[in-house]
Structures are given as C-alpha cells and as structure tokens.
Amino acid sequence: MQYSFTSESVASGHPDKICDQISDSIVDAALSIDPKSRVAIETLVTVNRIVLAGEVTCPQKIDYENVARNMVKKLGYTKDIYNFNYQSPVSVYVHQQSPDIACGVDDGGAGDQGMMFGFASNETKEYMPMPIMLAHKIVEKMDLVREKNILSFLRPDGKSEIKVNYENGKPVSIAHVVIAVPFDPKITSEELKQALIKEVIKPVLEIYNFKLPEMDKIIVNGSKGRWEIGGPASDTGVTGRKIIVDTYGGFARHGGGGFSGKDPTKVDRSGAYACRYLAKNIVSAGLADKCEVRVAYVIGQRNPIDRQIDCFGTEKKSLTKIYDYAWNLLDMSVSNILEKLNLRRPIYIKTARYGHFGHPSYPWEQII
C-alpha cells in the first residue's frame, strides 16, 4: 500500500506566530505573578501596528506594551525596511474575565466547552507523524541559521512544506521539500536555494535518515523565486490561526480551538495536552502502534462528558486494558490535568513556535 502525505510548518517570524508568541508571553507573565491568573488574549499584527485584546484576571498590572515590543524585537523585526518592528505603535484593549465564566472555573470546572484530540504514532522517535516533524525541523533550522548569521541574507518569516512517501504505513522517502523565506536580493534565487540545501534541508533530512529528493522536487519561493519583505507588512497575523501547524500537520484530528493566549483552565489547551499525554504513553508502552484520545467538555463542569480511545486496529492488548491503563494514568478532570501535568506555571512561550507536541521538555510529552 503506497501513498503520500504533506504537512507544513511556519517560522517563528511568521505573522500568525508573532501573535501566538506575544499572546503566550502574556500568559507566562500572568502565571509568573499568580499561578491562578486567567488569560484569554488575542494579538493582531499588520503594517506598522500591534493590537492586543482580551481578558486577563491577575493581581498585578502587566506591561502589555513592553511584553509585545520585547517579543517582536527578539524575533528579528528591528529594521524600518520591514514596515513593522518593535517600535511600531501598540494598542491595548484588555479587561477582566467575565464573572459568568469565572464562577464555574473557580470551582474547578472547564473554562470553555468543546472537544479535544490527542494523537501519537511510533513512526518517529518523538511519537509524531513524520511530515509535521520534518516541517517543524526545517523552519527551526532556518530560523537558527538566520539568527546565528550563518545565512545572514535571510529575513524574518518563512514556511516549509514536506511531502513524505509511505509504504505499508511507514515513511520511506521524501517526495518534495518546499521552503518560502524572505531574503536580501543581493543574492540570487539559485544561490539562496543551494545555501538552504546545504545548511538547512540536508542536515534535517539526515537526522531522520532520508536522502535529498531530486533538485526539481526542492522548491524555494515558488512565486518566481523572489520574496524580499515578509512579516506583517505582507500578511496580517492573528493569534490562533495555525492550529494544524500547532498539532499534527493534518495527520490527525483537531477539535478546532487554538492554544496560544489561553491559561490552562481553558480546556482547548489543557484538554488537548492531556489527550496527547495519554496517546503518547499508550504507544510508548507498546500497547498500540497508533492512538487517538478524544474528550469533550462543558464549560464550568469538572469532568468530560465524553472520553474515547481509538487505536485504529493497531492495538496489542485489548481495548479494555488500554482504557484501564489510560484512565488510571490520568482521569481527565480539569483539576487533575492541571495538577498532574503541573500546568499552572509560565512554560508556554516556547510552545508558540514549532508545534506544541514532540518536544521532550514539555510535561505532556513525558513518558512514565
């Protein structure tokens, strides 16, 4: 059985990711002050403008403008030529969380309703689908060589897209590598392509023991090879728009809710993390080759109204034993998720780039 699958990721300087990182910087700032702070923040960036809006309940004042400017500067937007930088005007529209929401959350209930999914498979060492892991590693490496001036002609922003060939459910080769990245026009498009192959693409593929595809299957800046100015001046960004990039690259289902800008009482975030934790531990324990955990919550209620596990016929033990293993590991009540995974702390800024899953330092990625 042969097929292919394609996933994409985006660089840390992508407009939507700028917004995710600003929003999660505010989450971390609030949790640093008080672990029980409530945050639901949206960021918008566009030509020479940063806008913050949402709800924050925190016992101390947060300097929202300074948080936003520091993040934009860190991401490399320091030049006037970008028509957006850390000195761009910042507008702040933030108020406290609704008391109607707070009354349910204060009693240990979910901060919102919705359904969440978690997924894991044994096709990579990270227990993630191969296409999204490669896509993440490509943009992460691309950011690194820019930040370290190894490829000093690269500019903030960028995307990757990886097409992987499968045989009998296993990734066997790379069909296409696609990169989009803004760059200084002092070099040619061909020079850019060869530099990216040497410093980014080849080293990343070698990590997973893949060879380069043929040269015509490596595409850099598909719109006639040119892209000089990226970032918000080219494409307005908003928090929470890269939900597929943030999860499994389309390989597995997503409940629809974004993660960034939300404190962990919002089950869009914590519920998805808990589902990933269970799915990964089921696969790592050898109970299945592939696993999806899904739940659904009602706002203000402690326990999910639905919780299910699907191993897609790859289970090595009975589903009854897998269910017992999972629910004994984590009972999926909101308060238990927050305590067991230790989520009421400032750990979220790093999650806002290169995906929320597959990084061993995150608590929901720990294997028992």
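Can you find a residue in region 346-355 that is farther than 18 Å from Ala252 by Cβ, within 14 Å of the chain's Cα centre (by Cα), outside any helix (DSSP H, G or I) and of a type in the set (A, V, I, L, M, F, W, C)? Talk me through it step by step, then tell me what you get.
First pass over region 346-355, keeping only residues farther than 18 Å from Ala252 by Cβ: 346-350, 352-353.
Pick out the ones that are also within 14 Å of the chain's Cα centre (by Cα) and you get 347-350, 352-353.
After this cut, where a residue has to be outside any helix (DSSP H, G or I) as well, the list is 347-348, 353.
Keeping just the survivors that are of a type in the set (A, V, I, L, M, F, W, C) gives 347.
There is at least one residue in region 346-355 that is farther than 18 Å from Ala252 by Cβ, within 14 Å of the chain's Cα centre (by Cα), outside any helix (DSSP H, G or I) and of a type in the set (A, V, I, L, M, F, W, C).
Check Ala352, Ala288 and return the single one that is touching a helix residue (DSSP H, G or I) at 6+ places or on another chain (Cβ under 6 Å) and either free of Cβ contacts under 8 Å to residues at least 60 places away in the same chain or over 30 Å from Asp157 (Cβ atoms) (or both).
Numbers: Ala352 fails: either free of Cβ contacts under 8 Å to residues at least 60 places away in the same chain or over 30 Å from Asp157 (Cβ atoms) (or both).
Being touching a helix residue (DSSP H, G or I) at 6+ places or on another chain (Cβ under 6 Å) and either free of Cβ contacts under 8 Å to residues at least 60 places away in the same chain or over 30 Å from Asp157 (Cβ atoms) (or both) holds for just one of Ala352, Ala288, which is Ala288.
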Q. Among (1) of a type outside the set (Gly, Ala, Ser); (2) in contact with a Lys or Arg (Cβ under 7 Å, 6 or more places away or on another chain); (3) in a helix (DSSP H, G or I), where does Asn70 come up short?
A. (2)
Q | One residue from Leu196, Leu205, Leu192 being aliphatic (A, V, I, L, M), at pLDDT 95 or above, out of contact with any helix residue (DSSP H, G or I) (no Cβ under 8 Å at 6 or more places or on another chain) and buried (at least 19 other Cβ atoms within 10 Å of the Cβ) | A | Leu192
Q) If we scan region 326-346, do we find a residue that is under 25 Å from Lys74 (Cβ atoms), of a type outside the set (Lys, Arg) and out of contact with any Phe, Trp or Tyr (no Cβ under 6 Å at 6 or more places or on another chain)? A) yes
Q. When you go through His136, His176 one by one, which is the residue that is closer than 26 Å to Val72 by Cα and in contact (Cβ under 8 Å) with a residue 12 or more places away in the chain?
A. His136
Q: Filter region 300-338 for residues that are of a type in the set (S, T, N, Q), in a helix (DSSP H, G or I) and farther than 23 Å from Arg269 by Cα and give the result.
A: Thr320
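Is one or more of the residues making up region 11-23 among the small types (Gly, Ala, Ser), in contact with a Phe, Trp or Tyr (Cβ under 8 Å, 6 or more places away or on another chain) and not in a helix (DSSP H, G or I)?
Checked region 11-23: at least one residue is among the small types (Gly, Ala, Ser), in contact with a Phe, Trp or Tyr (Cβ under 8 Å, 6 or more places away or on another chain) and not in a helix (DSSP H, G or I).
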(Q) Whether any residue in region 26-35 is crowded, with 23+ Cβ neighbours inside 10 Å, part of a strand (DSSP E or B) and not small (Gly, Ala, Ser) is what I want to check. (A) no
Q | Residue tally, condition modelled with pLDDT of 95 or more, of a type in the set (A, V, I, L, M) and outside any strand (DSSP E or B), over region 105-136 | A | 6
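What are the residues in region 287-299 that are surrounded by fewer than 20 Cβ atoms within 10 Å (Cβ to Cβ), part of a strand (DSSP E or B) and at pLDDT 95 or above, if any?
Filtering region 287-299 for residues surrounded by fewer than 20 Cβ atoms within 10 Å (Cβ to Cβ) gives 289, 296, 298-299.
Of the ones still in play, those that are also part of a strand (DSSP E or B) are 296, 299.
The one that is surrounded by fewer than 20 Cβ atoms within 10 Å (Cβ to Cβ), part of a strand (DSSP E or B) and at pLDDT 95 or above: Ala296.
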Q | Selected residue (criterion: nearest to the chain's Cα centre (by Cα)) from residues of region 180-220 that are assigned to a loop (DSSP other than H, G, I, E, B) and among the β-branched types (Val, Ile, Thr) | A | Val181
**Q.** Which numbered condition Asp235 misses (of (1) outside any loop (DSSP other than H, G, I, E, B); (2) touching a residue at least 40 places away in the same chain (Cβ under 8 Å); (3) among the acidic types (Asp, Glu); (4) out of contact with any Lys or Arg (no Cβ under 7 Å at 6 or more places or on another chain))
**A.** (1)
Q.
Here's a check for you: in region 238-248, which residue that is in a loop (DSSP other than H, G, I, E, B) and more than 10 Å from the chain's Cα centre (by Cα) is surrounded by the most Cβ atoms within 10 Å (Cβ to Cβ)?
A. Thr239
Q.
Condition first: closer than 16 Å to Ile349 by Cβ, of a type in the set (Lys, Arg) and without any contact (Cβ under 8 Å) to a residue 60 or more places away in the chain. Can you find one or more residues in region 58-70 that meet it?
A. yes
Q) Being surrounded by 22 or more Cβ atoms within 10 Å (Cβ to Cβ) and within 15 Å of Gly358 (Cβ to Cβ), is that true of even one residue in region 265-273? A) yes
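The values are calculated or read from the model by the stated rules, or taken from the named source; none is laboratory data. The structure displayed is predicted, hence computed values, not measured ones. With ideal geometry, Cβ positions are generated from the backbone for all residues, glycine too; neighbour counts draw on all protein chains shown.
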